[in-house]
Amino acid sequence: MRNLKIVKVMSELGAGTRGASLGYDALYIASHHAGSRLMVDTPTEEVETVNDNLFEENDTPNAIRVEGIAQMYSRIADSVKHTLLNGDFPIVIAGDHSNAGGTIAGIKDAYPDKRLGVIWIDAHADMHSPYSTPSGNVHGMPLATALGENNEDRKINEIVGKTKENWDKMKGDSPRVAYEDLVLIGVRDTEEPEDYLIAKHNVKSIKVEDLRLRGERAIADETLDYLDDCDIIYISFDVDSMDSAISVGTGTPVINGFSESETEKLLVYLTESPKICCFEMVEINPLLDDKCNKMAETAFFMLDKVAKTLQKK
Ligand SMILES: [Mn+2]
């Protein structure tokens, strides 16, 4: 039985489309719709955002709003760190996926000597850096900050000044996660610089078809076995890992993703592991949802299953 604590991070600075900062509220409405008290009864800590930055001119095209995102990294890290050290289990509900880099920093700050495994459930690899990115959207970069990766082998941008300073701050002094302690699940929309890193470091990547062929239990067991040498494991769940027919309200939907039932079983089997130390859900954007609040309702269903699994132990 874990004491859950929700860490609410409604920052959307890293996304290319506006609205992910409304994800928490959409989820809250979905919980009411589902007749659940989970979000009312679970202690919740809100991390203050700097979304006002959106109204200012951006002057860092290769890492848009990087200064504010670096600021969010340290705020999120503080919150996740003290939640963990307090003995609580952080469930991070965040806007765009860039926030996950701050969560990983917080876990590592809490447990500097523990080996951290990461399960990244996402349609995207999020391994770009300011050096390699064609878009400058920082929600495509959080894993690179955790891995301490610039990917200068695939450099297309010159990175100096404010961008470099904040990017280096986000990466920290040393990598927080090793490539061998990372498992990608559901990644199916990557760009060449990311494919290069995945191949170079032989990153474990489990495809939607693998899960469909072998079943959720086998995939969860394989993932946890692969991370057996890690002391603690963090799960990052981007709702766009699910098929675009379900993930109607998210910034970058991708076809051929997981079904609801595949996602539910996978998340439950993974969170049964006592090594799981933190769970994060990101990229719910109700402004893009053309089926009323369907995205958040599906996401809440997953959150509820995960919370129940964590509370069983
Ligand atoms: Mn993502």
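The values are calculated or read from the model by the stated rules, or taken from the named source; none is laboratory data. Note that the structure is a prediction, hence the values are computed from the model and not measured. Cβ sites come from the backbone with ideal geometry, for glycine too, and all protein chains shown count toward neighbours. Surface areas here come from the heavy atoms of the whole protein model, side chains and all, with no ligands, DNA or RNA. Shrake-Rupley method; radii C 1.70, N 1.55, O 1.52, S 1.80 Å.
Residue ranking by accessible heavy-atom surface, 1.4 Å probe, largest first, among His82, His33 comes out as His33, His82. Of the chain, which part is the longest with no GluC sites (Glu not before Pro) in a loop (DSSP not H, G, I, E, B) and with at most 12 other C-beta atoms within 10 angstrom? Here the longest run is 159-313. Compared with the alpha-carbon gap, the fully stretched path from Arg37 to Glu192 is longer by 51.4 nm at 0.36 nm per residue.
Pull out a ≥ b ≥ c, the square roots of the eigenvalues of the alpha-carbon gyration tensor of the stretch 4-312, then state rounded if a/c is under 1.5, prolate if not and a/b is larger than b/c, and oblate in the remaining case. Rounded shape, in that the Cα axes give a/c under 1.5.
Straight Cα distances below 17 angstrom link Lys308 to the lysines Lys5, Lys265, Lys275, with same-chain residues fewer than 8 positions distant left out. Using a probe of 1.4 angstrom and keeping all protein chains present, the accessible surface of the stretch 93-179 works out to 32 square angstrom per residue. Using a Gaussian network model of the chain whose springs link C-alpha atoms within less than 10 Å, name the residue from Met170, Met141, Met39 with the highest mean-square fluctuation. Highest fluctuation of the listed residues: Met39.
Other residues with beta-carbon under 14 Å from the beta-carbon of Asn51 carry, at +1 per Lys or Arg and -1 per Asp or Glu, a net charge of -4.
Of interest is the spacing of the C-alpha centroids, which for the stretch 6-42 and the stretch 203-219 amounts to 28 Å. For the chain, the share of accessible area belonging to carbon and sulfur comes to 48 percent (1.4 Å probe, ligands and nucleic acids excluded). Modelled spin-label separation between His201 and Ala245, with each label point placed 7 Å from Cα along the Cα-to-Cβ direction: 3.4 nm.
Compared with the direct C-alpha span, the chain from Ile255 to Val50 gains 70.6 nm at full extension, assuming 0.36 nm per residue. In summary, the aspartates and glutamates within cross-link reach of Lys164, defined as a Cα separation below 19 angstrom excluding same-chain residues under 8 places away, comprise Glu57, Asp59, Glu67, Asp126, Glu149, Glu152, Asp153, Asp173.
Distance between the modelled labels on Asp168 and Lys275, one decimal in nanometres: 3.4 nm (7 Å Cα→Cβ projection). Ranking of Ser205, Ser11 by solvent-accessible surface, largest first: Ser205, Ser11 (1.4 Å probe, protein heavy atoms only, all chains present). Here the calculated FRET efficiency for Asp221 and Asp59, from their Cβ-Cβ distance with R0 = 35 Å, stands at 0.15, rounded to the nearest 0.05. Cβ-Cβ distance of Lys114 and Glu152, R₀ of 22 Å, FRET efficiency by 1/(1 + (r/R0)^6): the value works out to about 0.15.
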